[in-house]
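*Asks:* Handing you a structure now.
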Amino acid sequence: MSLRLKIHLIVAALVTLFLAAMIALHLGNLRDAVREEVVAANRVAHQLLNRTVLVGASEGTPAMALYLQGLGRVRSNEITLVDGEGRELYRSPPSPYKAGRDAPDWFERLVVPGPSEQSIAFPNGKMVVRADASRAAVDAWDQFLELGATALLLLLVVNAVVYWVVGRTVEPFGQIVKALGRIEAGHLEERLPPLAGTEAASIGAAFNRMVVGLRERLEAERRALAAESELSDRRELARWIDRHLEQERRLIARELHDELGQSVTAIRSLALSVAQRTAEHDPQASQAASVIADESSRLYDAMHGLIPRLAPLVLDAFGLADAMRDLVERTRASQPGAAVELQVSLGDARLGTEAALALYRAAQEGLTNALRHGQASHMSVSLKAEDDGARLDVRDDGRGLAPDWVARTEEDGGHYGLRWLAERVEALGGSLHIGNIEPRGAQLRVWMPFTPALEGTA
């Protein structure tokens, strides 16, 4: 049901109730008027005839009948004359006023008072005076019809005017509904013109502001989705590149260890053999061979120092716990002035290859930053298994992080290792946190969930 129809029905109901109340009030007035007229006429007729009977009773009933015939009909009364034996000598003639017409029975029951009859007895007869309200009821019925016709016409006119006025009033709301439908259909360019009426104008202005805000929000969401999709694609690409880089690092590390390492060892062995054979008869050749052997030894040592940085082969061969021990031992060897503690309690926990490698790289990054940037002299590495994952803590007693290190990192693009490590850990479902600790130093904390191994376990 439309708002226009609702308002129209409400107004029509109120007008109908008002007219019904007026008609009911008028019916009450008509009933009182009819009763007053009939009762008064009956009393006057009774008093008049009573005095006439007293005067003319001695002349007998025939004379009384002649008198009544000459009197004719008395308004709102019916007079009957009977003799002593009960025979009717006279009855009032029917009223010529609105002859042949009568009010409906239900209407007469509403407005006509109860029957009223008075008798006047005299010798040899009796006169009966009855109240007759039929003509008064007809008059009341005509007035009621006139009032009803007027009320009906008024009701029709008022409803027509109200329907037209309400239609003009709620017309802006129809425009608003149509505009909302177009918005629902996706036409976000829809705008409402200035609408008539204070409320409609306010709604129209709010609607236009809503559409503008909706377009801006949808555009922002579209851009956010596009950026999120692009970021997801970039992260996926970065993970793909990272996996292939790790694979290439492993291949290079294995080639260095297996092929180049053996070749350098063979060169050193041959050089030492040449140096021994030519030591007596060709000192220059022996010295050159010794130089080659020394350079081969240094090359071998440099190559072995490079292999763990490329790929922790011990991680593939012996697992994460041994790889951590190897990392700590190499750090102690390369930094004699720094103390490094290690606690590993993985138990029977099994980590996926990528998760184990991420924890190893996190420990490697934490130790490197503590030594390079924090100037730490004491470091501790803790790797423990929890209910649903493994937690790594790397703590140091160095200078710690600057208060604005995050902002500076975003401005100058530094700390690539930490950003790369954070993305890698988050991609595997883990979390990374880094911050300062009291009284001094920094802490790197990584939590990694247990995942099934894709390329072996550690």
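The values are calculated or read from the model by the stated rules, or taken from the named source; none is laboratory data. Quick caveat, the model's predicted, so the values are computed rather than measured. All Cβ positions, even for glycine, are placed from backbone atoms using ideal geometry, and neighbour counts span all protein chains on display. Accessible surface is based on the protein model in full, side chains and every heavy atom, while ligands, DNA and RNA are left aside. Shrake-Rupley method; radii C 1.70, N 1.55, O 1.52, S 1.80 Å.
*Asks:* Report the full-extension gain for the segment LYS98 to ARG325: residue separation times 0.36 nm, less the Cα-Cα distance, to one decimal in nm.
*Replies:* Value of the extension gain: 68.8 nm.
*Asks:* Report the net charge of residues surrounding TYR97, where surrounding means a beta-carbon distance below 10 angstrom and charges are Lys +1, Arg +1, Asp -1, Glu -1. Can you show the working numbers first?
*Replies:* Working: positive: ARG73, ARG75, LYS98, ARG101, ARG135; negative: ASP139.
Local net charge: +4.
*Asks:* With all protein chains present and a 1.4 Å probe, how do LYS384, LYS178, LYS98 order by accessible area, largest first? If you can, show how the numbers build up before the last one.
*Replies:* Numbers: LYS384 100, LYS178 155, LYS98 60 Å².
Heavy-atom accessible area, descending, gives LYS178, LYS384, LYS98.
*Asks:* Apply the a/c threshold of 1.5 to the C-alpha gyration tensor of the stretch 315-368 and tell me whether it is rounded, prolate or oblate. Each step should come with its number before you reach the end.
*Replies:* Values: a/c = 2.21, a/b = 1.83, b/c = 1.20.
Note, shape of the stretch 315-368 comes out prolate.
*Asks:* Count charges around ARG332 for me, please; just the other residues with Cβ under 13 Å from its Cβ, Lys/Arg as +1, Asp/Glu as -1. Display every interim value, and only then the final one.
*Replies:* Numbers: positive: ARG325, ARG330; negative: ASP326, GLU329, GLU341.
In short, -1.
*Asks:* Mind checking which of LEU71, TYR90, VAL112 is farthest towards the positive end of the stretch 47-160's charge dipole, using Cβ charges of +1 (Lys, Arg) and -1 (Asp, Glu) about the Cα centre?
*Replies:* Result: LEU71, furthest along the dipole toward the positive end.
*Asks:* Can I ask one more? Given a Förster distance of 45 Å, report the FRET efficiency between ILE252 and ASN436 from their Cβ-Cβ distance, rounded to the nearest 0.05.
*Replies:* With R0 = 45 Å, the Cβ-Cβ based efficiency is 0.75.
*Asks:* Moving on. Explain nothing, just the number: dipole magnitude of the stretch 87-152 about its Cα centre with +1 on each Lys and Arg Cβ and -1 on each Asp and Glu Cβ, in debye rounded to the nearest 20.
*Replies:* Details: 8 positive and 9 negative charges, 71 e Å.
It works out to roughly 340 debye.
*Asks:* For the stretch 76-90, what does the Karplus curve 6.51 cos²θ - 1.76 cosθ + 1.60, with θ = phi - 60°, yield as ³J(HN,Hα) per residue in whole Hz, taken in order and with x for Gly and Pro?
*Replies:* Each residue of the stretch 76-90 in turn: 6, 9, 10, 10, 10, 10, 10, 8, x, 8, x, 7, 7, 9, 7 Hz.
*Asks:* Also: Given the Cα-Cα distance of HIS187 and ALA201 and 0.36 nm per residue of separation, how much length would full extension add, in nm?
*Replies:* Between HIS187 and ALA201, full extension yields 2.9 nm more.
*Asks:* Per-residue counts of other Cβ atoms within 10 Å, averaged by peptide: what ranking do you get for 14-20, 363-369, highest first?
*Replies:* Highest mean packing first, the order is 363-369, 14-20.
*Asks:* How would LEU153, LEU71, LEU421 line up by accessible area, probe 1.4 Å, largest first?
*Replies:* LEU153, LEU71, LEU421
*Asks:* Name the residues whose placed amide hydrogens come within less than 5 Å of the amide hydrogen of GLY389, ignoring near sequence neighbours (fewer than 5 apart) on the same chain.
*Replies:* PHE450
*Asks:* Which of the listed residues, VAL177, LEU153, TRP164, is farthest toward the dipole's positive end in the stretch 150-207, when Lys, Arg count +1 and Asp, Glu count -1 at the beta-carbon?
*Replies:* Of the candidates, LEU153 comes out farthest on the positive side.
*Asks:* Report, largest value first, the span of the C-alpha coordinates of the stretch 46-182 along each principal axis, in whole Å.
*Replies:* So the three principal-axis extents are 101, 23, 23 Å.
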